[in-house]
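Let me begin by presenting the structure, written as structure tokens, before commenting on it.
The values are calculated or read from the model by the stated rules, or taken from the named source; none is laboratory data. Since the model is a prediction, treat every value here as computed from it, not as a measurement. Here Cβ is always computed from backbone atoms with ideal geometry, including for glycine, and neighbour counts include all displayed protein chains. Ligands, DNA and RNA are stripped out before the accessible areas are found, and what is left, the full protein with its side chains, is counted by its heavy atoms. Shrake-Rupley method; radii C 1.70, N 1.55, O 1.52, S 1.80 Å.
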There are 2 protein chains.
Amino acid sequence: MTKKSIPSPRTKRPPEPDPACGQAEHAQVPLRVVVDPEALKRASEIFRALGDPARLRILTLLMAGPRCVTELATDLNDNLPAVSQRLKLLKSERIVSNRRQGKHIYYALLDEHIAQLVMTGLSHAVEDIPGIRRPTAKSLPD
Amino acid sequence: MTKKSIPSPRTKRPPEPDPACGQAEHAQVPLRVVVDPEALKRASEIFRALGDPARLRILTLLMAGPRCVTELATDLNDNLPAVSQRLKLLKSERIVSNRRQGKHIYYALLDEHIAQLVMTGLSHAVEDIPGIRRPTAKSLPD
DNA sequence: CACACACTTAATAGATTGATTGAATGAGCA
DNA sequence: TGCTCATTCAATCAATCTATTAAGTGTGTG
């Protein structure tokens, strides 16, 4: 039963620190932004989960409301198992939730957080596209 | 010279669509959230780049201001080449920028976007941690 | 009760990723 | 100019991830 999900980065970190620059070339600011390691890990997990076009697309679909797997697969023009697995992964990462409704199983975004995060990422992404066609105003289709 | 960086999802997508549920079991809402594919791709790239604890940590350090590679490596307690490669990746994803200052090369977050995205992710992550000690007060179940 | 539908699970194989070591580049300095 | 420091480059290798096909589970229905 190989649970797990997105955790493990190739892993193997803490060697011995190098002597580094030396004395005090750069102002010795402690700085120490030190985000709680747990938060850091969780955040990276979430980011990683969003870091795949297929998964992200699923999430954008889900932003419009709950949908069942078949529906998603149809919209994405993809296999059922594939979509199912992605949903499973997203669920294990606590990004979506599923609920059985009669014959179907509806998936939905778990939080408002997620929706907001996705939107934030997308909107920032739009502004960062190399060769952009930026609809100046608000992409208001007819 | 295998450039590239984070793009390629395992690749191989568009098979033939399954007949799907059938007639009209679920209201046939077109819905069409259709985020520009480019934006979708870019967003997923960014997310993926943030989706690693080590890289994310680097970014949190950079949120406090530019730092050189050695400094980062020292703070992260990690090898120079490792840090350098991560920075290279982050740079290729247009997430950080580097600038030579005398003997050192200082890296910094490229955008305010990135900083905001990181912060958003982190703050949301904090709220989603299973066993949390939540500083703020919101749904404070006791 | 048996069939069909909706979805999940299993297992394999391909591909990508990232760590690691050692060498190379480039700038400052004696 | 030669040397040292700071950083990058290159290539290998292990580990992980995802796609894919086929079989399994469970629910509703005739």
### Task
Tell me which residues come under 5 Å, amide H to amide H, from B:C68 once H is placed; ignore anything under 5 positions away on its chain.
B:Y107
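For the range A:38-123, report the accessible area per residue in Å² (1.4 Å probe, heavy atoms, rounded to an integer). List each step's numbers first, then the result.
Values: 3590 Å² over 86 residues.
Here the residues of the range A:38-123 average 42 Å² of exposed surface.
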### Task
Search the structure for amide H atoms under 5 Å from the amide H of B:V96, placed 1.01 Å from N in the peptide plane, and list their residues when 5 or more places away or on another chain.
B:K91, B:L110
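Keeping the other protein chains in place, figure out the carbon and sulfur percent of the accessible area of the range B:53-121, with a 1.4 Å probe.
49 percent
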### Summary
For B:D36 the rounded accessible area (nearest 10 Å², probe 1.4 Å, non-protein molecules ignored) is 70 Å²
## Note on the structure
Inter-copy distances for A:M119, label 7 Å out on the Cα-Cβ vector, sorted ascending, nm, one decimal, are 1.9
### Query
What is the mean number of Cβ atoms from other protein chains located within 10 Å of the Cβ atom of each residue in peptide B:85-92, rounded to a whole number?
0
### Summary
With the label set 7 Å along Cα→Cβ, B:V34 is separated from its counterparts in the other copies, in nm and shortest first, by 5.1
### Query
Sorting A:L90, A:L110 by accessible area (1.4 Å probe), largest first, what list results?
A:L110, A:L90
### Query
To one decimal in nm, how far is A:L89 from the same spot in the other copies, if labels go 7 Å from Cα toward Cβ? Please give the shortest first.
1.5
### Query
How about the range A:74-131: which trypsin sites (Lys or Arg not before Pro) there lie in a loop by DSSP and see at most 13 other Cβ atoms within 10 Å?
A:K103
### Task
Would you mind pulling out the separation of the Cα centroids of the range A:52-89 and the range B:57-80, in Å?
37 Å
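Work out the mean other chain Cβ neighbour count within 10 Å for the residues of B:53-66 and drop it here as an integer.
Working: counts 14, 6, 3, 9, 7, 0, 3, 6, 5, 1, 3, 4, 3, 1.
Per-residue shielding by partner chains comes out at 5.
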### Message
Rounded to the nearest 100 Å², what is the buried accessible area between B and A, both sides summed, probe 1.4 Å?
### Response
5900 Å²
